[in-house]
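The values are calculated or read from the model by the stated rules, or taken from the named source; none is laboratory data. Given the structure is predicted, the values throughout are model-derived calculations rather than measurements. As a convention, Cβ positions derive from the backbone with ideal geometry for all residues, glycine included, and neighbour counts pool all protein chains shown. What goes into the accessible areas is simple: the full protein's heavy atoms, side chains included, and nothing from ligands, DNA or RNA. Shrake-Rupley method; radii C 1.70, N 1.55, O 1.52, S 1.80 Å.
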Amino acid sequence: MLQFYKDMLLIRRFEEKAGQLYGMGLIGGFCHLYIGQEAVVVGIQSALKPTDTVITAYRDHGHMLACGMESRGVMAELTGRIGGYSRGKG
């Protein structure tokens with residue numbers, strides 16, 4: 001349960017920072033935040049089997065963090081930097 005809380009807190013803090021960066025114009029396009037839905041993705045992730053697949057359309061930052069992707073890489077992607085998971089093109 002403590003790990004669930006830590007995961008939800010990581011997602012919340014990440015999204016708060018993303019919202020700030022979006023407001024400053026450092027994140028291009030649209031930035032649909034995951035604030036308020038942290039428990040959903042943490043619960044889903046905890047129930048998944050190794051053979052399960054998850055597909056998202058938007059508001060996917062929480063999913064990326066919950067499945068173990070590094071917050072540094074996710075933020076780099078949002079801000080269009082080469083260190084992002086899609087080299088900043090996503």
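For q = 0.13, 0.26 Å⁻¹, what log10 I(q)/I(0) does the chain give under the Debye formula with an equal point scatterer on each alpha carbon and no solvent? For the chain at q = 0.13, 0.26 Å⁻¹, log10 I(q)/I(0) is -0.41, -1.41. Only DSSP H runs of four or more residues enter the estimate; each adds -39500 (n - 2.57), and after division by the residues of the chain the mean residue ellipticity at 222 nm equals -15500 deg cm²/dmol. Once you've got the GNM for the chain with C-alpha springs shorter than 10 Å, pick whichever of GLY29, GLY80, GLY19 has the biggest mean-square fluctuation. Result for the chain, Cα springs under 10 Å: GLY29 fluctuates most. Relative to the longest principal axis of the chain, what angle (0 to 90°, nearest 10) does the C-alpha long axis of helix 38-47 take? Roughly 50 degrees between the two axes. Once you reduce the stretch 50-84 and the stretch 1-41 to the center of their Cα atoms, the two points are 11 Å from each other. Taking ILE55, ILE27, ILE11 as the candidate residues, the one with maximal mean-square fluctuation in a Gaussian network model of the chain, Cα springs under 10 Å, is ILE55.
When nucleic acids and ligands are ignored and a 1.4 Å probe is applied, GLU77 ends up with an accessible area of around 20 Å². To put it simply, the accessible area of the chain at a 1.4 Å probe is 57 percent carbon and sulfur. Sequence-distant contacts, meaning Cα pairs under 8 Å at least 6 residues apart, place the relative contact order of the chain at 25 percent. The order of THR53, THR79 by accessible area, most exposed first and with a 1.4 Å probe, is THR53, THR79. Averaged over its residues, the chain has an accessible area of 68 Å² per residue, based on protein heavy atoms and a 1.4 Å probe.
Ordering THR53, ILE35, GLY80 by the projection of their Cα atoms onto the charge dipole of the chain, which places +1 on the Cβ of Lys and Arg and -1 on the Cβ of Asp and Glu, puts GLY80 at the extreme positive end.
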